[in-house]
Each structure stands twice: as C-alpha cells, then as structure tokens.
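Notes follow the structure.
The values are calculated or read from the model by the stated rules, or taken from the named source; none is laboratory data. Quick caveat, the model's predicted, so the values are computed rather than measured. Positions of Cβ are generated from backbone atoms using ideal geometry, with glycine treated the same way; all protein chains shown enter the neighbour counts. Keep in mind that these areas ignore ligands, DNA and RNA; they rest on the heavy atoms of the full protein, side chains included. Shrake-Rupley method; radii C 1.70, N 1.55, O 1.52, S 1.80 Å.
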Amino acid sequence: MIRIILADDEALALFSLQKQLEKLNGGVIVGAYPNGAEAVEAVLREKPEAVFLDIDMPEMSGLEAAEIIMSRLPETEIIFVTAYEKYAIKAFELAAIDYLLKPVSTQRLAKTLARLSQARAAKTGLDQPAVRPLTGTKEQVTIRCFQTLEVDTGESGPVHWRTNKAQELFAYFVHLRDQPVRKDALLELFWPDIDPKKGYTQLYTTIYQIRKTASAIHPGIRIVSGDKGYRLELNEVDVDVLIWEEGLQTAPPLSEHTLARHLQLLELYRGDYLEDCGYWWAENERERLRMLWYRHAMRVAAFLETRDNAAEAFQLYFLIQRRFPFTEEVYWALIKLFTSIGDRVSVERQYEMLSQMLFDEFGTKPARTLEQWYRERVV
C-alpha cells in the first residue's frame, strides 16, 4: 500500500480528504498536518511515497514545502490541493504528478490515485517506465554551451524543457556550476517585476520542472537546496566549455607534432557561449571565451604560416575574420599573407575592406604604420 502524508491548514478540508482516501482505500495515511513545516518534518522522517499539499498555507506554502521535499526525497510524489482556478495553476500541473481543485470530489480523487499508482508501478518496475534515466558515463552525457544550450545524451532527439524559463534557469545554474546562488538573487534576476510571493511561486515551480527534466537526462544532475538558495551538482556529466578551457590550459606548445591537438581545440569551439539563447547574464563569460579562442586561433594561424602551409593559414584567418569582423589585426595578417604569395588583387581587397570597416564602425582610418606599409609595397 502507498504511504501518504497530508497537509492543509483548513481542518475541515484536511478531515474530508482523509476520509475520502480511506473510503477509496487509496493508501495508508501515516500523518495529517495543519501546516507545511510540520508536514516537511514528517515526510523527511517517515519517507512516504506520496504527499498531498495544500498550496496556500501560512508561513510555509505548499510549493515551498514541496520544494524542500523534492530536494531531499526526489522519488516522493507530490499532489497539490488548491482552491485556484485551472488557468492559474497550469504551471503546477507541470511540476507535480497531479493537482486537485477544492472542494475535492471523490471521483476526481480516484483518478489521482490511479495516476499515482501507475507512477509508482513504473518506478518499481511493474510497468514499462515512460522515461528511462540515463546511467551512462561522461562520454555519453555532455552539456553543450557553445552556440546554444544542448544536452548530448548519446541518444537521438533534443532535450525538451517544460518552459523557456526552466531552460534559462538551468543554463544559469550550469553557468555558475558548483557555486551556490541565493533565492532572492534568482528572484531579482529572473522575476524582477512581479510580487515577491508570486515570484517565489514561479521559482519553486521552475525548480520542479528542472528537476524532473534533469532526472530523466542523467541521475547525476541534481539541484541541491541550501538554507537560502540552490547549487547545481553535475556528477559524471561533462560541460563542453570546461573541457575546452581545460584543454587550452594543458595543451602542449605548438609544434608539428602537437598541431593536430591545437586544431582540434579550435574545432571544439562550435560558436560563442550561449550565443543563440541571448541571455544577457552570459555576456561577460561569452566575451572572455571569445577572446581565449581568438588568441589561440591567431597563434595557430601564425604557426601554420611558419610551416609554409598557406592554404590552411588562409582558411583559419578567414574563419577568424568572420567571427571577429571588427578586429584590425586579422586584416593585417591576411594582407601580409596575400603579399607573401604575390596576390596583389586580394591584398587590395583586404585593405579596402579594412578601410571601410574602420570608417563605418569607428569613423577612422587604418593605422599609420599599416597605411605606410601598404603604400610602400602595393600602391
């Protein structure tokens, strides 16, 4: 039998729900509590399979109580009980296994119990699970942040987030990785223009959504609750940005024997950090990683020149130019390289492109040294 704990600050509603569950033989009720705090203590002590929580309780709301329960006992099923209309609780439906509208009807409660029974059966192997959690190694699960946010599970198909806000909040946790972040800071960042009480409701709901999606991706991805905030744990899960930057730091000096490794590092940078997502809080990290790639790419291109490998040097310089169209240095490198092979037309084209870019973007002309060099060798 499923063990159940109830919580509702309305004594009559609590008594009614308890009697209906007993009538339906829906499980063993191991406790019924008038507030969220007492219910949380009981749940952590008794470890029931399911908890029925009233959403609107004083001091500790049902959402807050559920958030604590799910952080400590993620296998516990949550059923919300609320007087809200359906349109106001759509987000709750995504976060919990079910919700019940007050006054709770016996017929509707029976459907909830059926859903609960199916969910428990799936988890205990009595039925085929809807989602099989991955238990793979580091090579099988990688969170990719270059260009866009992706989770590579080694299986086909992208990860689908419940809402755009859930995806962004998950990306923010990945951005901070093991650093804790306060709830009030998250409210200010993600829900700055709404009432704090509603903001916390949105936060708790979004955390639920992330946890449910993350648990289906890999058991090592966990949002851990602290006294006043959250922290992301990525056990046995890689992040492409970390792999790439560590590769840069540990890469051997450029040589003919290590060139392939350095070229591989350049290819791992698929695009700027979370560029397609447009998250403003990622801008500083995006620019920092861009400059790391730029400096590394320029060193590799210059090395290719010294190895008389003009074709690959050109290819890399053009890639750098596409990504950094407003950087004078790369135009200068291409002008010199075209000059070395005697391609006067391309030298003139690059100089014209540089001059036009500087005028359009900065209202200036090429540096005097470059202009003098160009006139001496080309004009």
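Candidates are the residues of the range 331-372 that are open to solvent by 40 Å² or more (accessible area, probe 1.4 Å), among the hydroxyl-bearing types (Ser, Thr, Tyr) and touching a helix residue (DSSP H, G or I) at 6+ places or on another chain (Cβ under 7 Å); the one that is farthest from PHE303 (Cα to Cα) is THR364.
Kindly indicate which of ILE29, ILE68, ILE2, ILE55 is aliphatic (A, V, I, L, M), more than 14 Å from VAL81 (Cα to Cα) and in contact with a Gly (Cβ under 7 Å, 6 or more places away or on another chain).
ILE2
Every condition in (1) of a type outside the set (Gly, Ala, Ser); (2) open to solvent by 50 Å² or more (accessible area, probe 1.4 Å); (3) outside any helix (DSSP H, G or I); (4) more than 17 Å from PRO103 (Cβ to Cβ) holds for GLU41 except the one numbered (3). Considering the range 218-319, the qualifying helices (runs of 4 or more DSSP H), each wholly inside and each with 1 or more residues that are of a type in the set (Ser, Thr, Tyr), run over 240-250, 283-306. The single condition from (1) surrounded by fewer than 22 Cβ atoms within 10 Å (Cβ to Cβ); (2) modelled with pLDDT under 90; (3) within 24 Å of ILE223 (Cβ to Cβ) that ALA66 fails is (1).
The set of residues from the range 136-184 being at pLDDT 95 or above and among the small types (Gly, Ala, Ser) comprises just one member, ALA171. Just give me the residues in the range 1-38 being open to solvent by 50 Å² or more (accessible area, probe 1.4 Å) and over 26 Å from GLN107 (Cβ atoms), in sequence order. Of everything in the range 1-38, those that are open to solvent by 50 Å² or more (accessible area, probe 1.4 Å) and over 26 Å from GLN107 (Cβ atoms) turn out to be PRO34, GLU38. No other residue among GLU371, GLU329, GLU376, GLU348 is within 39 Å of the chain's Cα centre (by Cα) and either of a type in the set (Asp, Glu) or on the phi > 0 side of the Ramachandran plot (or both) apart from GLU329. For the condition part of a helix (DSSP H, G or I), out of contact with any Ser or Thr (no Cβ under 7 Å at 6 or more places or on another chain), touching a residue at least 12 places away in the same chain (Cβ under 8 Å) and surrounded by fewer than 19 Cβ atoms within 10 Å (Cβ to Cβ), LEU203 does not qualify. Within the range 260-276, the set of residues being open to solvent by 30 Å² or more (accessible area, probe 1.4 Å) and either in contact with a strand residue (DSSP E or B) (Cβ under 6 Å, 6 or more places away or on another chain) or in contact (Cβ under 8 Å) with a residue 24 or more places away in the chain (or both) comprises LEU263, LEU268, ARG270, GLU275, ASP276. Step by step: first the residues of the range 176-188, then only those that are outside any strand (DSSP E or B) and open to solvent by 40 Å² or more (accessible area, probe 1.4 Å), then the one that is nearest to GLY62 (Cα to Cα). Which residue is that? The qualifying residue nearest to GLY62 (Cα to Cα) is ASP184.
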